[in-house]
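First up is the structure itself, then whatever we jot down about it.
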């Protein structure tokens with residue numbers, strides 16, 4: 001079940017990053033996906 | 001660059017011949033890239049330290065509300081957060097696509113400084129890039145649809161910003177409509193309707209800066225069960241979309257399309273998923289800043305908006321021309337305008353055009369967040385000589 005996540009965050013910009021960290025820090029298994037550059041444009 | 005070229009002598013710096021000062025665009029872009037890649041390295045380090053986060057580089061496409069294909073690999077996610085951001089809105093100017101144009105994305109990656117540029121759009125992207133390129137030395141012609149740049153901002157301030165752009169050499173045209181674009185003999189052109197007639201303008205580069213839509217292409221949102229609200233993702237005040245297990249944040253939802261709004265939304269979406277807190281976003285007090293020089297920053301209602309909402313208002317203003325600090329740094333331009341309810345004294349809006357307005361606005365933000373009046377700003381001691389004294393003077397003028 002390594003490919004099952006509680007939360008998938010689509011986009012690792014300035015909104016997706018804090019969302020992913022918060023969900024992970026609350027204990028969720030998080031997948032963060034980015035198709036361009038992290039940090040947003 | 002423009003300070004060195006245009007103002008060195010004024011500050012007593014000798015030995016600079018303005019004619020010999022030139023700007024190396026590729027060096028500036030390389031410097032920016034170095035800064036950005038340093039920031040990205042920090043982001044990857046922080047992600048690497050978080051054991052609960054798996055990072056994947058690739059394009060995500062929903063095949064159902066819980067199934068996502070990432071460049072061919074299938075994963076499942078009980079819940080998802082769309083943090084997809086925005087992209088320039090398609091703008092139906094005949095011939096524009098064929099003529100070739102750039103957007104904000106390419107405007108920060110140019111290898112060479114263009115000799116001339118036409119900026120289409122009088123909003124925040126338009127004014128920022130118009131001033132930036134004009135100061136680098138590009139001949140900039142700008143076309144806005146509204147009667148002034150930044151039409152949603154306090155008129156006194158956006159009119160003044162337009163004057164400043166003109167003084168700096170931007171050929172600014174307002175109340176215009178770009179009706180056609182094209183390319184001929186190596187130069188690009190636009191046909192513009194203004195004051196009842198059509199005129200043709202030419203430039204090396206066309207920059208389109210006319211608003212942004214959610215970046216939803218090939219995301220499989222209909223398979224996910226997520227409904228759109230016009231060009232944006234539809235989300236409620238808890239940031240939940242029409243699909244009960246999918247949330248959405250930031251620019252993609254429309255409204256206040258600023259990075260700090262997305263950063264604010266992020267943890268709220270996460271809390272609502274993981275802890276089911278049902279927390280609502282609070283957009284009562286969202287500041288914004290336009291990074292021209294002087295900066296334009298604002299929060300809350302304009303005077304006209306406050307009146308339209310039925311408030312009897314009190315207005316307090318103060319000019320940067322009266323600030324010793326603004327004079328010393330060579331930017332004694334602009335003003336602070338505060339708007340309060342006449343009965344309760346509650347601050348309803350703050351608008352600043354001036355040096356460091358982007359920092360100064362936060363004193364107003366804090367007061368407004370606490371539903372406060374301007375009294376704490378007016379009464380508290382502000383350091384002399386600082387620009388913040390202008391905010392205090394405006395607060396005192398409200399009384």
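Considering only B:233, B:336, B:66, the mean-square fluctuation computed in a Gaussian network model of chain B, springs between alpha carbons under 10 angstrom, is largest for B:66. One decimal place: the segment residue B:30-residue B:304 gains 94.3 nm when fully extended, by the rule 0.36 nm per residue minus the C-alpha distance. Our summary gives chain B a relative contact order of 13 percent, counting only alpha carbon pairs under 8 angstrom and 6 or more residues apart.
Our summary gives segment B:96-210 a relative contact order of 35 percent, counting only alpha carbon pairs under 8 angstrom and 6 or more residues apart. Note on the protein assembly as shown: antiparallel DSSP beta bridges, both residues inside, total approximately 60 percent of the bridges counted.
Taking B:122, B:58, B:316 as the candidate residues, the one with maximal mean-square fluctuation in a Gaussian network model of chain B, Cα springs under 10 Å, is B:58. Rounded, prolate or oblate: which fits chain B when a ≥ b ≥ c are the square roots of the eigenvalues of the alpha-carbon gyration tensor, with rounded for a/c under 1.5 and prolate only if a/b beats b/c? Oblate shape, in that a/c is at least 1.5 and b/c is the bigger or equal ratio. Where both partners of a DSSP beta bridge lie in chain B, what percent of those bridges are antiparallel, to the nearest 5? Roughly 75 percent of the beta bridges in chain B run antiparallel, per DSSP. For segment B:1-55, the fraction of C-alpha pairs farther apart than 14 angstrom is 69 percent.
So what's the protein assembly as shown giving for Rg/Rh, alpha carbon basis, Kirkwood Rh from the mean inverse pair distance? Let's see the in-between values first.
Numbers: Rg = 23.8 Å, Rh = 24.0 Å.
Using only Cα positions, Rg/Rh for the protein assembly as shown is 0.99.
At q = 0.11, 0.15 Å⁻¹ the log10 of I(q)/I(0) for segment B:1-144 amounts to -0.71, -1.02, computed by Debye summation with a single uniform scatterer per C-alpha, solvent ignored. Working note: Debye formula, equal point scatterers on the alpha-carbon atoms of chain A, no solvent; log10 I(q)/I(0) at q = 0.32 Å⁻¹ is -1.05. Peptide B:42-49 has a mean shielding of 3, counted as Cβ atoms of other protein chains within 10 Å of each residue's Cβ.
Here the residues B:175, B:116, ranked from fewest to most Cβ neighbours within 10 Å of their Cβ, fall in the order B:175, B:116.
Per-residue mean of other chain beta-carbon atoms within 10 angstrom of the beta-carbon, peptide B:273-285? Mind dumping the intermediate values first?
On the way: counts 8, 10, 5, 0, 0, 0, 0, 0, 0, 0, 0, 0, 0.
Whole-number average of other-chain Cβ neighbours for B:273-285 is 2.
Applying 1/(1 + (r/R0)^6) with R0 = 35 Å to the Cβ-Cβ distance of residue B:44 and residue B:6 gives a FRET efficiency near 0.30. A straight chain from residue B:223 to residue B:145 at 0.36 nm per residue would run longer than the Cα-Cα distance by 24.3 nm.
Evaluate E = 1/(1 + (r/R0)^6) for residue B:20 and residue B:204, where r is the Cβ-Cβ distance and R0 equals 25 Å; express this FRET efficiency to the nearest 0.05. Intermediate results must be reported in sequence, preceding the final value.
Numbers: r = 24 Å, r/R0 = 0.94.
With R0 = 25 Å, the Cβ-Cβ based efficiency is 0.60.
Peptide B:213-220 shows a mean partner chain C-beta count of 1 within 10 Å per residue C-beta.
Among B:165, B:157, rank each residue by its count of other Cβ atoms within 10 Å, from fewest to most, as a rough exposure measure. Intermediate values should be presented prior to the final figure.
On the way: B:165 22, B:157 26.
The most exposed by this proxy come first: B:165, B:157.
How much of the DSSP beta bridge set in segment B:96-210 is antiparallel, as a percent to the nearest 5?
Values: 15 of 28 bridges.
In segment B:96-210, DSSP labels about 55 percent of beta bridges as antiparallel.
With neighbour counts taken as other beta-carbon atoms within 10 Å, the residues B:158, B:80, B:22 rank, fewest first, as B:22, B:158, B:80.
Springs between Cα atoms under 10 Å define the GNM used for chain B, and in it the highest mean-square fluctuation of B:70, B:84, B:339 occurs at B:70.
If you find the alpha carbon centre of segment B:199-213 and of segment B:153-186, how far apart are they in angstrom? So the two Cα centres are separated by 11 Å. The helix-based estimate of mean residue ellipticity at 222 nm for the protein assembly as shown, built from -39,500 (n - 2.57) per DSSP H run of four or more residues and divided by its residue count, is -9000 deg cm²/dmol to the nearest 500. The P(r) of segment B:288-397 has a tail past 19 Å containing 38 percent of all C-alpha pairs.
With R₀ set to 35 Å, the beta-carbon distance separating residue B:321 from residue B:115 gives a calculated FRET efficiency near 0.50. The Cα atoms of segment B:122-213 cover 41, 32, 30 Å along the three principal axes, with the biggest extent listed first.
Want the number for residue B:197 to residue B:362: 0.36 nm per residue separation, take away the alpha-carbon distance, what's left?
Working: separation 165, 0.36 × 165 = 59.40 nm, distance 4.43 nm.
Stretched out fully, the residue B:197 to residue B:362 stretch lengthens by 55.0 nm.
Throughout, read-outs are computed from the coordinates displayed, never taken from laboratory work. As the structure is a prediction and not an experimental result, all values here were calculated from the model. Glycine gets a Cβ as well: all are built from the backbone with ideal geometry, and neighbour counts include every protein chain shown.
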